[in-house]
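The values are calculated or read from the model by the stated rules, or taken from the named source; none is laboratory data. Predicted model, so just to flag it, every value in this text is computed and none were measured. Reconstructed Cβ throughout: ideal geometry from the backbone, glycine too, with neighbour counts over all protein chains shown. Keep in mind that these areas ignore ligands, DNA and RNA; they rest on the heavy atoms of the full protein, side chains included. Shrake-Rupley method; radii C 1.70, N 1.55, O 1.52, S 1.80 Å.
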Amino acid sequence: MHTPDPSLNLEQDPRYVAGVTGRESPESGVVVSFNPATGDPIAGVKLDSADSYEQTVAEAQEAFKRWRAVPAPVRGEVVRNIALEMRRLLVPLGELESMEVGKIRAEGIGEVQETIDIADYAVGLSRMVGGKTVPSERPLHRMMEQWLPLGVIGCITAFNFPNAVWGWNAMIAAICGNVTIWKPSLLAPLTAIATNNIADRVATEMGHPGIFRLVIGTDDEVGERMIADKRLPLISATGSCAMGRHVGQVVAGRLGRCLLELGGNNAVIVDKDADLDLAVKSTVFGSVGTAGQRCTTSRRLIAHKSIVDEMTQRMVKAYQTIKIGDPLAEGTLVGPVIGERTVEAYQNAIEQAKAQGAEVLVGGSVAKPDGLGGTFVEPTIIRAPASNDLPIAMDETFAPILYVFTFEDIEDAIAMQNSVDQGLSSAIFAGNVNTTERFLAVDGSGSDCGLAYVNLGTSGAEIGGAFGGEKDTGGGREAGSDSWKAYMRRQTCTINYGSELRLAQGIRFE
Ligand code: NAD
């Protein structure tokens, strides 16, 4: 049985509960973190209550008053040291993720690397966040924008990125002068404790305690309180569209700011002149990586009718060689899904697809690799009926199922790709620049997603770009580009350095 590495000091955390049976319930004040590969409990975590939530917010407000007064480049120095400590603990932290959410080892480590990358990016940003001076229409006047810290930020994260999504928010928020209160998924509380403790320890040792806060609690007790809390000017929430719809309404009701990163239903278009080797490799990674539990997972393949058979045959062949098993074992490419509810959703989607006239080409069953007692399913490819009519494919089933559709005309392929409610990630494989430019058309008539890839799959974003999606994906942007602006407030300042009153628009008031 795998256990968290002692270098993460989890057992010293006051929330950590050793020796759990797995039968403890959140009502008893403890949530149990299970290893989805074995079904065994790893440890328990004491839950926050309404009272401890109150205390956390009150302390965070005090910490904010101190932190905002620290010059931004000095904040960057704190983040730089956090990145160094994350580098030191990269492997144990990545492996803890594998244990807790079932990502294969390379993906667990890769996710922590993403936090390191965004921290490095934030360090540079700490010397760059600033406003511009705008020409004033009045003589002897200066007009300029300045960007100010926002306050105490609420960060709600999904189970499947239990480290990097916090990193995207907390590292940028920190250099902007904010304090982050993180409410992680109850499916990944140990990764959250280990991650937050690293940041908090480094910041505290540098004389800045309380910048990175954690609340671990149920949605009823803590989640609802957090989203309704006027003291949190920004709620950054990552998760399902259903969650985002609710969170968005509650935060809008108090006129707060929301940054929503929600579900995706991402398609890959493969045209007749595509490099099929590249398309197959990328689409296999995009559809089975993280056992189909990425927001950017490839869920639909829309292939030209002249290559659809070859493409699917090659995909099926590749799927048959994929090793499913212990995510920490060498050679495993697909680990478990997070739990029984996902297995049920997977089975239900496959049944519905069959009832809607689709054919299962490979996979379709629960798996029991290496005698492990966890929740495994076979990566599955399903061919839609010739009519392309397959309602179940319009939903995001958070499991490794890829639906295959056929097109003749690129306009139909783009319309098909845009026909779902979500608008996160999209990809095209094609050899003709006219086709790829059509997909990226500057008038906005191509892909309607926040992310558009050419000759690359839908998953695997770099931190330097703004990450997020349109429509039911929520419209938020995190990570690179100018996403930092979401974590600051803008002030337009106008200064009269003359001695006369000059009114805008030439108004005379004498
Ligand atoms: P989920 O919606 O079940 O939960 C996400 C988070 O929201 C959890 O922390 C949960 O406790 C919290 N939450 C739920 N109800 C709440 C409430 N009423 N108040 C406050 N918090 C509440 O999602 P999940 O199963 O953990 O993650 C999978 C989903 O997340 C998928 O839809 C996936 O596409 C999406 N996701 C999106 C992105 C992105 O960047 N767009 C990234 C990762 C995951």
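Sort out for me the strands (runs of 3 or more DSSP E) sitting completely within segment 256-334 that have 3 or more residues that are closer than 27 Å to residue 467 by Cβ and more than 16 Å from the ligand (Cβ to nearest atom). The qualifying strands (runs of 3 or more DSSP E) are 266-270, 298-304. Considering only segment 191-214, state which residues are in contact with a Pro (Cβ under 9 Å, 6 or more places away or on another chain) and open to solvent by less than 10 Å² (accessible area, probe 1.4 Å). Answer for segment 191-214, where residues must be in contact with a Pro (Cβ under 9 Å, 6 or more places away or on another chain) and open to solvent by less than 10 Å² (accessible area, probe 1.4 Å): 191, 192, 193, 194, 195, 196, 203. Identify the single condition in (1) among the polar types (S, T, N, Q); (2) touching a residue at least 24 places away in the same chain (Cβ under 8 Å); (3) surrounded by 12 or more Cβ atoms within 10 Å (Cβ to Cβ) that residue 481 does not satisfy, given that it satisfies every other one. Only one criterion in (1) among the polar types (S, T, N, Q); (2) touching a residue at least 24 places away in the same chain (Cβ under 8 Å); (3) surrounded by 12 or more Cβ atoms within 10 Å (Cβ to Cβ) is unmet by residue 481, namely (2).
Candidates in segment 1-36 are the residues that are closer than 19 Å to residue 94 by Cβ and of a type in the set (Gly, Ala, Ser); of these, the one that is surrounded by the fewest Cβ atoms within 10 Å (Cβ to Cβ) is 7.
The residue of segment 123-160 that is nearest to the ligand (Cβ to nearest atom), among those that are part of a strand (DSSP E or B) and exposed (fewer than 15 other Cβ atoms within 10 Å of the Cβ), is 148.
To keep it simple, each residue is scored yes or no on (1) among the small types (Gly, Ala, Ser); (2) in the same structural domain as residue 186 (by TED's automatic domain parsing).
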position	(1), (2)
22	yes, no
25	yes, no
45	no, no
65	no, yes
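Quick grid of which residues meet (1) touching a residue at least 24 places away in the same chain (Cβ under 8 Å); (2) open to solvent by 20 Å² or more (accessible area, probe 1.4 Å); (3) within 16 Å of the ligand (Cβ to nearest atom); (4) part of a loop (DSSP other than H, G, I, E, B):
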{"position": "444", "(1), (2), (3), (4)": "no, yes, no, yes"}
{"position": "449", "(1), (2), (3), (4)": "yes, yes, yes, yes"}
{"position": "453", "(1), (2), (3), (4)": "yes, yes, yes, no"}
{"position": "461", "(1), (2), (3), (4)": "yes, yes, yes, yes"}
{"position": "474", "(1), (2), (3), (4)": "yes, yes, yes, yes"}
{"position": "491", "(1), (2), (3), (4)": "yes, yes, no, no"}
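Considering each of 466, 399 in turn, give the residue that is open to solvent by less than 10 Å² (accessible area, probe 1.4 Å), within 15 Å of the ligand (Cβ to nearest atom) and in contact with a helix residue (DSSP H, G or I) (Cβ under 6 Å, 6 or more places away or on another chain). None of the other options fit; the residue is 399.
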